[in-house]
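Every number here is computed from the coordinates shown, using simple stated rules; none is lab data. This structure is a prediction, so every number in the text was calculated from the model and none was measured. Here the Cβ positions follow ideal geometry from the backbone for every residue, glycine too, while neighbour counts run over all protein chains shown.
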Amino acid sequence: MKIESAEVLVSSPGRNFVTLRITTDTGVTGLGDATVNGRELSVASYLADHIVPLLIGLDAHRIEDTWQYLYRGAYWRRGPITMAAIAAVDTALWDIKAKVAGLPLYQLLGGRSREGLLCYGHASGAELPELFDSIRHHQEEGYRAIRVQTGVPGLPSVYGVASSANAATTADGVTSRYDHEPARPGAKPVEESWDTRAYIRHIPTVFEAVRNEFGPELPLLHDAHHRLTPIEAAKVGKSLEPYDLFWLEDVTPAENQAVLRRVREHTTTPLAIGEVFNTIFDYKDLFEEQLIDYVRSPVTHAGGITGLRRIFDYAAVYQIRSGVHGPTDVSPVGLAAAIHLGIAIPNFGIQEYMKHSEATHELFRPGYTFEDGLLKPSETPGLGVDYDDEVGAAHAYAPAYLPVNRLLDGSMHNW
Ligand code: GCO
Ligand code: MG
């Protein structure tokens with residue numbers, strides 16, 4: 001079974017997605033997600049100009065060998081664009097193999113380890129009453145675990161808060177009211193501002209109020225979005241200990257992994273890191289020193305099912321669990337792949353699930369379901385996602401960027 005063709009599909013049903021579709025000489029097709037938010041066309045070009053010509057004629061069953069061919073063969077290793085492109089090829093080949101086997105993909109990954117994936121949703125509000133409404137809304141939708149993001153006094157708009165002045169709307173009305181969607185259409189990124197001291201003072205008061213209102217059982221998560229220094233991160237982790245977080249995410253940028261030692265010395269709040277990591281090497285030191293508790297990489301940005309499975313198996317040695325990135329910029333193809341993997345692995349932790357818009361569902365027709373707070377894979381052969389070319393063609397690419405972030409003195413900070 002040889003690869004006959006591969007198409008790079010760029011479409012924007014409210015937000016941009018890059019999808020690879022591989023077709024074999026036996027007529028089987030497979031899909032892979034290659035979306036890198038705000039840099040979509042670079043990965044589309046990487047695929048169309050440099051990878052698709054290499055794929056034609058390869059044996060579609062040789063998934064591992066193709067992964068190694070693209071990883072070692074590029075010479076320029078790692079990085080978000082390369083690894084998203086490899087991920088798309090890898091995911092599409094797993095989709096094809098599972099379709100040929102006549103099995104849902106998770107059966108090829110070892111079969112079912114659990115009934116469904118525990119998910120968390122994004123609750124947010126500039127002020128507490130709005131935040132409480134948003135938490136209740138998510139509970140009514142079935143979510144059993146909730147990420148909590150709020151406004152910070154003195155800052156006009158803050159990462160993760162749907163009601164921020166700059167919060168974008170998606171095609172789905174409910175999503176726009178409660179879910180923060182950071183990518184904004186336009187030729188240039190919007191600018192947000194940040195004040196770490198104000199945030200550090202405010203955030204424990206928010207979690208105290210949420211625990212008082214919702215009780216001790218509800219799993220709560222929070223994303224610091226790469227903004228703190230190690231000692232600031234240690235302080236936040238410590239100040240949140242009484243509120244028993246499921247995890248505190250991306251406390252530092254984590255390019256400098258050794259600094260996580262400082263955070264660990266001071267706090268027992270569990271840490272989740274890695275949504276911007278691409279390979280097992282980005283995690284190696286964090287695992288071996290047990291500096292984190294959850295792995296955030298999605299299939300889309302970490303070399304596909306092959307790459308992420310390898311990371312999870314390595315994590316399991318250190319009792320570290322999965323916590324896969326699942327914002328709307330991971331397409332339904334990337335999410336479906338994460339669900340198949342999460343159903344199979346022994347060290348599943350939690351799955352982020354920010355619902356896609358109606359228009360996105362029309363384009364991809366995902367077969368996975370969300371019931372009683374659990375995501376369940378499609379039982380049809382393969383990934384269980386389709387791509388509708390007519391819908392795709394109706395939504396042309398439109399430039400959109402993630403915001404940038406400045407401190408109050410005007411200098412650049414991490415967004
Ligand atoms: C999350 C993430 C997202 C990212 C976004 C960037 O935890 O869900 O931090 O909100 O900011 O995916 O493209
Ligand atoms: Mg995050």
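Add -39500 (n - 2.57) for each DSSP H run of 4 or more in the chain, then divide by its residues: what number comes out at 222 nm, to the nearest 500 deg cm²/dmol?
Mean residue ellipticity at 222 nm (helix-derived): -10500 deg cm²/dmol.
Rule-of-thumb check for the stretch 114-161: C-alpha Rg over 2.2 N^0.38 Å?
Details: Rg = 12.4 Å, N = 48, 2.2 N^0.38 = 9.6 Å.
Computed over Cα atoms of the stretch 114-161, the ratio equals 1.29.
Which of the peptides 22-29, 320-327, 352-359 is most tightly packed, and how do the rest follow, judged by the mean count of other Cβ atoms within 10 Å per residue?
The packing order, highest mean first, is 320-327, 352-359, 22-29.
How far is helix 230-239 tilted off the main Cα axis of the chain, in degrees rounded to 10, range 0 to 90?
70 degrees
As an exercise, use a Förster radius of 41 Å and the Cβ-Cβ distance of Asp388 and Lys238 to find the FRET efficiency, rounded to the nearest 0.05.
Approximately 0.25, to the nearest 0.05.
Give me the number: length gained by fully extending Glu358 to Trp76, i.e. 0.36 nm times residue separation minus the C-alpha to C-alpha distance, one decimal in nm.
Taking 0.36 nm per residue and subtracting the Cα distance, the gain is 97.7 nm.
Residues of the stretch 37-78 with amide nitrogen under 18 Å from the 7 Å Cα-to-Cβ point of Asp25?
Answer for the stretch 37-78: 53-63, 66.
What percent do you get for the relative contact order of the chain when only Cα pairs under 8 Å and 6+ apart count?
Once divided by the residue count of the chain, the mean separation gives 22 percent.
What number comes out for the charge environment of Val299, summing +1 per Lys or Arg and -1 per Asp or Glu over other residues with Cβ under 14 Å away?
Summing Lys and Arg as +1 and Asp and Glu as -1 gives -3.
Quick one: what are the phi-derived ³J(HN,Hα) couplings along the stretch 364-377, Karplus 6.51/-1.76/1.60 with θ = phi - 60°, whole Hz, x for glycine and proline?
Result, rounded to whole Hz: 9, 6, x, x, 6, 10, 10, 9, 6, x, 10, 8, 10, x.
Mind listing the long-range amide H neighbours of Leu271? Cut-off is under 5 Å, sequence gap 5 or more, other chains count too, H placed in the peptide plane at 1.01 Å from N.
Amide H neighbours of Leu271, under 5 Å, 5+ apart: Leu248, Asp293, Tyr294.
Please report the Cα spread of the stretch 200-252 along all three principal axes, rounded to whole Å, starting with the longest.
31, 18, 14
Just report the Cα centroid separation between the stretch 14-88 and the stretch 336-364, whole Å.
Answer, in whole Å: 20.
If one computes P(r) from the Cα atoms of the stretch 4-49, what percent of pairs lie at distances over 15 Å?
Details: 436 of 1035 pairs.
Of the Cα pairs, 42 percent sit more than 15 Å apart.
Calculate the FRET efficiency for Glu265 and Gln139 from the Cβ-Cβ distance with a Förster distance of 45 Å, rounded to the nearest 0.05.
On the way: r = 35 Å, r/R0 = 0.79.
Between Glu265 and Gln139 the formula returns 0.80.
Of the DSSP beta bridges with both residues in the chain, give the percent that are antiparallel, rounding to the nearest 5.
Around 45 percent antiparallel, to the nearest 5.
List the extent of the Cα atoms of the chain along each of their three principal axes, largest first, rounded to whole Å.
Sorted from largest, the Cα extents of the chain read 61, 45, 42 Å.
Report ³J(HN,Hα) in whole Hz for each residue of the stretch 320-334, in order, from the Karplus equation J = 6.51 cos²θ - 1.76 cosθ + 1.60 where θ = phi - 60°; Gly and Pro get x.
9, 10, 7, x, 5, 4, x, x, 5, 7, 8, 6, x, 5, x
Dividing the convex hull volume of the Cα atoms of the stretch 1-97 by its residue count, what figure in Å³ per residue is obtained? Don't skip to the end; give the middle numbers.
On the way: hull volume 7.8 nm³, N = 97.
That works out to 80 Å³ per residue.
5 Å is the cut-off here: which amide hydrogens, built 1.01 Å from N in the peptide plane, fall below it relative to Val324, excluding neighbours closer than 5 in sequence?
For Val324, whose amide H was placed from the backbone, the distant partners under 5 Å are Ile350, Glu352.
What does the convex hull of the Cα atoms of the stretch 191-310 come to per residue, in Å³, rounded to a whole number?
So the per-residue Cα hull volume is 123 Å³.
Hey, can you rank 79-90, 376-387, 125-136 by average C-beta count inside 10 Å, highest first?
79-90, 376-387, 125-136
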